[in-house]
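Only one structure is covered here, and it is reproduced in the block below.
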Amino acid sequence: MPEPRLLVRGATAVLPAGLRRADVLIEGDRVVEVGDVLADGAQVLDASGMTVGPGFIDVHVHGGGGHSFFTTDASRVEAYCDWAPRNGVT
């Protein structure tokens, strides 16, 4: 089965050279192309007025956003798992 394709259109992209308007083509779980007005048969997500950038991987974390891993309460860990992706941690 082919990987699902998503075209994020019209976002302000955070790129090594700085910020610029760009489209981002995603196949499955990978970004495969970033460019000006990409044309593709993918599902389109209008990201006008939004900013897209890389997600950051935190390899050593004790929690964040007021959520601590020093607990035996699963709901505290779940709260962190909800918070992290909304704040740039993939």
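Accessible surface calculations at 1.4 Å, restricted to protein heavy atoms, place the chain at 72 Å² per residue. Protein heavy-atom surface of the range 1-81, 1.4 angstrom probe: 59% of the accessible area is carbon and sulfur, with nucleic acids and ligands not counted.
Quantify how much of the Cα-Cα distance distribution of the chain extends past 16 Å, in percent. Considering the chain, 62 percent of its Cα-Cα pairs are separated by more than 16 Å.
Rounded to the nearest 20 debye, the dipole size of the chain about its Cα centre is 240 debye, using +1 on the Cβ of Lys and Arg and -1 on the Cβ of Asp and Glu.
What relative contact order, as a whole-number percentage, does the range 34-90 give when Cα pairs under 8 Å and 6 or more residues apart are counted? This gives 33 percent for the range 34-90. Most tightly packed first, judged by the mean number of other beta-carbon atoms within 10 Å of their residues, the peptides 45-54, 28-37 read 45-54, 28-37.
Helix 74-86 axis versus longest C-alpha principal axis of the chain: approximately 30°, rounded to the nearest ten.
The values are calculated or read from the model by the stated rules, or taken from the named source; none is laboratory data. Note that the structure is predicted; figures quoted are calculated from it, not measured. Note that each Cβ is placed from the backbone with ideal geometry, even for glycine, and that neighbours are counted across all protein chains shown. Surface accessibility is based on the protein's heavy atoms, side chains included, excluding ligands, DNA and RNA. Shrake-Rupley method; radii C 1.70, N 1.55, O 1.52, S 1.80 Å.
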